[in-house]
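K.L.:
Dumping the structure here so I can ask a few things about it.
Taken together, the values in this text are just the output of simple stated rules run on the coordinates, not laboratory data. Because the structure is predicted, anything quoted here is derived from the model rather than measured. Reconstructed Cβ throughout: ideal geometry from the backbone, glycine too, with neighbour counts over all protein chains shown.
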Amino acid sequence: MGLTRRGLLMPLSAAAAMAAAMTVLVAAAVPEAAASAGTSPEAPTSGAPTFGVPASAAPVPEAPVGEVVGAAPLPEADLSHHGYVSFSGGHIAIRIRSENLGPSDVTASTVRLRFSAPLAVTQELPYDCLRSGKATVLCETGGLRSGGGARQTALDLQPAGGPDEVIVRLDTVWNGGVRDTDPKNNVHQVLAPATGDAYAF
């Protein structure tokens, strides 16, 4: 199943996989590299790197996460999500204002909302949102032009179990393949007690 409405190009399964796969695995060098340098990986010489890498080997510069060595640089953009959360009468009201501060356009983006309490089975969701697990909702923003108008997303959700408060975690799970120059303004965590007060993020 995928989000295909209004230009969202990434299927839901791929978006979920991208959110989960945030750890970069680094493979150790093969023992033959040590053999060619006359060094045993089991007994490294003083001052020589471990894992059988010759001491004379020049360090290999690391590529930024999400970029491929030798590939053209990714376009840069700055997605921003702000708004508020309020919780009262068994309803969580969320308003999100998504915009792109540039310099490049964003063809599509997906906002992820995760809740500290599971959501009730039956929910009224906006057209551009869908459930992704018991306590997660994904919403697409559509394309966001650089310096263009903001996109508004409004949700009214019901948690299960009648909690006295909820924690809402918001982030961007897909940004159209650009490099976000300031990811801090699209990652938020809000604690909302069941008082009806609006808590800004």
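K.L.:
In whole Hz, what ³J(HN,Hα) sequence does segment 149-154 give by Karplus (6.51, -1.76, 1.60; θ = phi - 60°), x for Gly and Pro?
P.N.:
x, 7, 9, 9, 10, 10
K.L.:
Place the peptides 132-145, 79-92, 115-128 in order of packing, highest mean first, counting for every residue the other Cβ atoms within 10 Å and averaging per peptide.
P.N.:
132-145, 79-92, 115-128
K.L.:
Pulled fully out, how much extra length does the chain show between T107 and D171, if you take 0.36 nm times their separation in residues and subtract their Cα-Cα distance?
P.N.:
This chain segment gains 21.3 nm when fully extended.
K.L.:
Calculate, for S146 and H91, the FRET efficiency according to 1/(1 + (r/R0)^6) with r their C-beta to C-beta distance and R0 22 Å; round to the nearest 0.05.
P.N.:
0.05
K.L.:
Pop a pseudo-label 7 angstrom from the Cα along the beta-carbon direction at both A198 and D182 and give the gap in nm to one decimal.
P.N.:
Modelled inter-label distance: 2.3 nm.
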